[in-house]
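Novice: Can you read through this structure? Questions will come right after.
Rule-based calculations on the coordinates, nothing more; no lab input. Because the structure is predicted, anything quoted here is derived from the model rather than measured. For neighbour counting, all protein chains shown are included, and Cβ atoms are generated from backbone atoms with ideal geometry for every residue, glycine included.
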Amino acid sequence: MNVLCVWPNYYSKYPPLGLLKLSAYHRSRGDIVQLVRPPEVPRFVPDVIYVTSLFTYAWEKVKEAVNFYRRLFPGKPVVLGGIYASLMPEHAEEEIKPDYLWRGVIPELDEVLPDYSLVPWWDGSLVFTSRGCIRRCPFCAVPKLEPEFTYRPSVTDLICERYSQVVFWDNNFLASPYHMEILSELADIKKRRRFFRIDFNQGLDARLVTPENAKAIASLRMQVVRLAYDSSSQREPLKRAIDMLVEAGVNRKNFLVYVMFNYEDTPDDFLRKVQDLLSWGVAVYPMRYQPTDALKKDSYVAPGWTPELLEMVADARRVLGVNGAWPPYEALKRKFLDASDLEDALKLRSPKEAVAT
């Protein structure tokens with residue numbers, strides 16, 4: 001078979017893992033595979049066209065991709081999968097009209113090593129050592145995408161020797177009963193490959209940090225240790241986790257804490273969370289809540305918030321932030337800690353005011 005894998009033109013810094021796994025499966029059967037992004041024309045006429053999808057609000061890019069390759073290859077079956085297809089299958093069926101729609105993970109492919117030859121520019125192993133999450137937070141898409149919490153006992157076989165990093169996409173790595181064994185495997189790799197980078201990209205569950213796993217995490221000398229502060233109820237567990245990790249040897253400058261806003265919180269709640277983190281000496285990464293069925297990015301405004309205030313957060317990330325985060329620099333700490341409310345904290349000085357001071 002000639003197999004065409006289509007990666008729509010939405011933004012993503014990571015390659016499409018599902019398509020890479022499909023490619024590995026088909027090539028093991030002797031099929032010919034090519035990965036394309038519109039308007040790239042493949043070197044063959046495909047027998048099947050696989051199209052992936054990302055966030056629901058990027059659905060129009062998916063539709064553009066499907067329409068483009070349908071015009072090139074009329075009558076060839078289009079198979080649509082990915083996050084948008086799984087979260088909003090009815091919308092996808094109506095708007096994109098694939099010949100086949102796949103929801104969720106393909107279990108037979110989950111243990112397949114991705115075909116990284118399709119993305120020669122990429123440098124990293126993308127891995128899941130677990131699927132799903134024990135928390136089932138109401139704002140999260142994971143319970144819909146991966147309803148069962150499953151895990152594997154090892155990661156070594158998923159890590160490519162030629163790559164300088166491994167990126168974990170586990171939704172709750174520390175919930176796995178094998179997380180200590182996997183941390184030990186990573187420590188062994190780190191000893192052999194001094195400059196090997198490890199990234200738990202989705203963040204670690206602060207409520208599951210213990211002195212034992214904190215020591216194991218610290219031994220990996222990660223450039224970024226990601227945690228989350230989704231609600232005010234997580235304040236004490238998060239503070240304990242940070243303290244344990246610091247005690248184990250993690251530098252405060254290496255923390256990055258995702259802080260959700262525009263959900264059930266108020267602007268005052270968000271400000272208090274930011275103040276907490278900056279006073280604890282760790283960086284804040286504001287994460288604007290998007291409903292799992294949002295068809296337009298940044299269109300949702302929660303009760304208590306306004307479009308103007310949400311835009312102020314975005315502006316402050318661009319102007320005051322570093323790669324979208326607010327680091328605990330002394331001037332930035334004072335700006336937030338001394339603010340009377342969130343609007344006051346987010347106000348940006350005019351060029352004239354900046355020159356005057």
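Novice: Considering only C-alpha atoms, what is the centroid distance from the range 203-238 to the range 46-81, in Å?
Specialist: Centre-to-centre distance over Cα atoms comes out at 39 Å.
Novice: Given a Förster distance of 22 Å, report the FRET efficiency between S184 and E161 from their Cβ-Cβ distance, rounded to the nearest 0.05.
Specialist: 0.75
Novice: Any idea what angle helix 179-192 forms with the longest principal axis of the chain, computed on alpha-carbon atoms, 0 to 90 degrees, nearest 10?
Specialist: For 179-192 against the chain, the angle is about 90 degrees.
Novice: Mean 1/r over all different Cα pairs, inverted: what Kirkwood radius does the range 86-153 give, in Å?
Specialist: One over the average 1/r among Cα pairs gives 14.6 Å for the range 86-153.
Novice: Mind giving me the nanometre distance, one decimal, between the label points for I134 and K13, set 7 Å out from Cα along Cα→Cβ?
Specialist: Here the modelled spin labels are 2.9 nm apart.
Novice: Which pairs, out of K190/K296; K61/K215; K144/K239; K61/K347; K215/K335, put more than 32 Å between their alpha-carbon atoms?
Specialist: From K190/K296; K61/K215; K144/K239; K61/K347; K215/K335, over 32 Å: K190/K296; K61/K215; K61/K347; K215/K335.
Novice: Here's something else I'd like to know. Once both labels are modelled 7 Å past Cα along the beta-carbon direction, what's the I32-Y100 spacing in nm?
Specialist: 2.1 nm
Novice: Would you mind checking the tilt of helix 235-248 against the longest principal axis of the Cα atoms of the chain, expressed as 0 to 90 degrees and rounded to 10?
Specialist: So the inclination is approximately 90 degrees.
Novice: How much length is gained on full extension from M1 to E148, taking 0.36 nm per residue of separation minus their Cα-Cα distance?
Specialist: Gain on extension, M1 to E148, equals 49.6 nm.
Novice: Which of the cysteines found in the chain have nothing to pair with, since no other Cys Cβ lies under 4.7 Å from theirs?
Specialist: Result for the chain is C5, C133, C160, no neighbouring Cys Cβ within the cutoff.
Novice: Let me ask you something else. Quick one: Karplus J couplings for the range 106-112, per residue in order, coefficients 6.51, -1.76, 1.60, θ = phi - 60°, nearest Hz, x for Gly and Pro?
Specialist: Ordered by residue, 3J(HN,Hα) equals 8, x, 5, 9, 5, 9, 7 Hz.
Novice: Run the numbers on the range 207-281 and let me know its relative contact order in percent, using alpha-carbon pairs under 8 Å that are six or more apart.
Specialist: About 37 percent, as a whole number.
Novice: Another question, then. Given the rule -39500 (n - 2.57) for each run of at least 4 DSSP H residues, summed and divided by the residues of the chain, what is its mean residue ellipticity at 222 nm, to the nearest 500 deg cm²/dmol?
Specialist: Here the helix-only value at 222 nm equals -10000 deg cm²/dmol.
Novice: With +1 on each Lys and Arg Cβ and -1 on each Asp and Glu Cβ, how big is the dipole of the range 6-155 about its Cα centre, in debye rounded to the nearest 20?
Specialist: 180 debye
Novice: Turning to a different aspect of this structure: Need one word for the range 1-128: rounded, prolate or oblate. Basis is the Cα gyration tensor (sqrt eigenvalues a ≥ b ≥ c); a/c below 1.5 gives rounded, then a/b vs b/c decides.
Specialist: rounded
Novice: Calculate I(q)/I(0) for the range 1-57 by the Debye formula, one identical point scatterer on each C-alpha and no solvent, and give its log10 at q = 0.12, 0.28, 0.29 Å⁻¹ to two decimals.
Specialist: Evaluating at q = 0.12, 0.28, 0.29 Å⁻¹ gives log10 I(q)/I(0) of -0.27, -1.22, -1.27.
Novice: Give the order of M244, M287 when sorted by the count of other beta carbons within 10 angstrom, beginning with the fewest.
Specialist: In increasing order of surrounding Cβ atoms, one gets M287, M244.
Novice: Going by alpha carbons, how many degrees (0 to 90, nearest 10) lie between the helix axis of 307-320 and the longest principal axis of the chain?
Specialist: The angle comes out at about 80 degrees.
Novice: Output wanted: per-residue J couplings in Hz (rounded whole) for the range 89-100, from phi through Karplus 6.51 cos²θ - 1.76 cosθ + 1.60, θ = phi - 60°, x for Gly and Pro.
Specialist: Whole-Hz 3J(HN,Hα) from phi for the range 89-100: x, 5, 5, 5, 4, 6, 8, 9, 6, x, 6, 9.
Novice: Classify the range 108-356 as rounded, prolate or oblate, taking a ≥ b ≥ c as the square roots of the eigenvalues of its Cα gyration tensor: rounded when a/c is under 1.5, otherwise prolate if a/b is larger than b/c and oblate if not.
Specialist: Because a/c hits 1.5 or more and a/b exceeds b/c, the range 108-356 counts as prolate.
Novice: To continue, here is another question. Listing V282, V41 from the residue with the fewest other Cβ atoms within 10 Å to the one with the most, what is the order?
Specialist: V41, V282
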